[in-house]
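The values are calculated or read from the model by the stated rules, or taken from the named source; none is laboratory data. Note that the coordinates shown come from a computational prediction; the quantities given were computed from them, not determined experimentally. Note that each Cβ is placed from the backbone with ideal geometry, even for glycine, and that neighbours are counted across all protein chains shown.
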Amino acid sequence: MKKIVVLDRDTYAPEVVTNGPAFEHDWVVYGATAADQIVERCEGAELVITNKVPMRRETLDQLPDLKMISVSATGYDVIDIEACREKGVSVSNVRGYAVNTVPEHTFSLILSLRRQIVGYRQDVINGEWQKSGQFCFHTHPMKDLSGSTLGIIGEGSLGQSVADLGKAFGMRTLFAAHKGVEGLGPLYTPFEQVLEESDVITLHCPLTPHTRNVLAMAEFEKMKRQPLIINTARGGLVHEGDLVAALERGLIAGIGFDVLTKEPPAPDNPLLTVLERPNVILTPHMAWASFEAQTECWRQTVDNIENFVAGSPSNVLV
């Protein structure tokens, strides 16, 4: 009987059904797994499911029975892909499950910041409306989305869905060419032009050596329109210290982030120093997590295992 180990089931909400595959199996589920627990818990397992628990070379070296890792996410930077390739361990991820939830969360952040929802909500809580003596007051300048420019870094399914929503709001949408790369075709606008012309810049690309710190102080200083910076993709795409410094200097209008370089944030993360500002919103990596998206993500996770065992691997990375 094949042993299947789930390393971090608690990354899913309690109400999401996380059943195992249809074939007979030994199903072992852990809510969370620390790095020093991985080898012991995976001993004898042929199949492992992980969302964010890392599977590095030193771990794989100690798991000779392991045949397949099903990553319960699209991003797979927690997996040592090269080591898996060398050891003949198949790796699959999930794809396309977040085409509604992430773009909707992205625009929740954009709208909240552009319409100054956070600031005005706090003003009402603080009694400012009651003190104003009139039907409205103007403590936070608002701007429409219609007629503004949306710069998108990442042209995959999520970036495309965000562009569709932007167009529905009457925004001009630009897909940024890959930084330092030319000749990518008519879909793309030169990277620096996107920095200069965008009123909102949103990231929807994977974290790779090429994209790490794709936005840092050199880029913020080229942003002529003081854009909002939105990141619902991966921590590490934006240099967090430079991001806060850019906000302090007035180079950007606001920050809407769902992801950080280290999660949960370390006490010294610079973003924690500006959370009280009305033009800063930080959510705890929840853009992916609508009930519908979680359900689809788990379905694909288990499908990948069933397909591997049946001899027809799906969503294969290795």
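Structural remarks
- Residues that are over 15 Å from I4 (Cβ atoms), under 25 Å from the mean Cα position of the chain (by Cα) and surrounded by 14 or more Cβ atoms within 10 Å (Cβ to Cβ) within region 55-79 comprise A73, T74, G75, Y76, D77, V78, I79, listed in sequence order.
- Qualifying residue in region 86-99 (condition: closer than 30 Å to T173 by Cβ and outside any loop (DSSP other than H, G, I, E, B)): no
- Number of residues in region 36-54 that are among the acidic types (D, E) and either at pLDDT below 95 or surrounded by 17 or more Cβ atoms within 10 Å (Cβ to Cβ) (or both) equals 1.
- Pairs, first without any contact (Cβ under 8 Å) to a residue 12 or more places away in the chain in region 151-165, second crowded, with 17+ Cβ neighbours inside 10 Å, C-beta under 7 Å, six or more apart: none
- Any hit, region 54-64, residues being farther than 20 Å from G235 by Cα, touching a Phe, Trp or Tyr at 6+ places or on another chain (Cβ under 8 Å) and not aromatic (F, W, Y): no
- Region 165-263 holds helices (runs of 4 or more DSSP H) entirely within its bounds, and those carrying 3 or more residues that are closer than 25 Å to H285 by Cβ and of a type outside the set (D, E, K, R) map to 240-248.
- Any hit, region 285-303, residues being assigned to a helix (DSSP H, G or I), in contact with a strand residue (DSSP E or B) (Cβ under 6 Å, 6 or more places away or on another chain), at pLDDT 95 or above and farther than 25 Å from T202 by Cβ: yes
- For beta carbons closer than 7 Å, sequence separation of 6+ or different chains, a first residue in region 16-31 that is closer than 18 Å to G44 by Cα and a second that is at pLDDT below 95 and part of a loop (DSSP other than H, G, I, E, B), the qualifying pairs are E24/M1; H25/M1; D26/M1.
- Pick from region 5-63, criterion β-branched (V, I, T) and out of contact with any helix residue (DSSP H, G or I) (no Cβ under 7 Å at 6 or more places or on another chain), ranking: farthest from L260 (Cα to Cα): V28
- Scanning region 281-302 turns up no residue that is more than 15 Å from K67 (Cβ to Cβ), of a type in the set (G, A, S) and free of Cβ contacts under 8 Å to residues at least 40 places away in the same chain.
- Residue within region 179-193 that is out of contact with any strand residue (DSSP E or B) (no Cβ under 6 Å at 6 or more places or on another chain), more than 20 Å from V102 (Cα to Cα) and surrounded by 22 or more Cβ atoms within 10 Å (Cβ to Cβ) present: no
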